[in-house]
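Okay, structure first, notes after.
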Amino acid sequence: MGTNVTVNTVMPGSTLTEGVQEMLDTMYADTNFTQEEKEHDFMKNHRPLSQIQRLIRPEEIGSFVAYVASPIAGGFSGEALRMDGGMVPTIF
């Protein structure tokens, strides 16, 4: 009989953390870009493979982790779960 203990890894992609926000502000200090324009330009030029073309929000990662840690996700175990906006191609 199983233990009901699951172990998984969540691998987030480019995320809008405080550090990333500071990096964007520094990169675009000489522009009048809005936050949305900074993010769009950064993704277009530095993360062109991203299918969502935006930074992941920390709240999205938190919600995903809460789901994976919940009993309704008990079928997941031993998984490396990417939340990268489609940056890494899959085999399908």
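Descriptive notes on the structure:
- Matching residues in segment 25-65 - criterion: being open to solvent by 60 Å² or more (accessible area, probe 1.4 Å), among the hydrophobic types (A, V, I, L, M, F, W, C) and closer than 30 Å to residue 2 by Cβ: 65
- Of all the numbered requirements in (1) modelled with pLDDT of 95 or more; (2) within 14 Å of residue 13 (Cβ to Cβ), residue 87 misses one, and that requirement is (1).
- When restricted to residues that are touching a Ser or Thr at 6+ places or on another chain (Cβ under 9 Å) and among the hydrophobic types (A, V, I, L, M, F, W, C), segment 30-49 contains 2.
The values are calculated or read from the model by the stated rules, or taken from the named source; none is laboratory data. Because the structure is predicted, anything quoted here is derived from the model rather than measured. Cβ atoms come from the backbone with ideal geometry, glycine included; neighbour counts cover every protein chain shown. Keep in mind that these areas ignore ligands, DNA and RNA; they rest on the heavy atoms of the full protein, side chains included. Shrake-Rupley method; radii C 1.70, N 1.55, O 1.52, S 1.80 Å.
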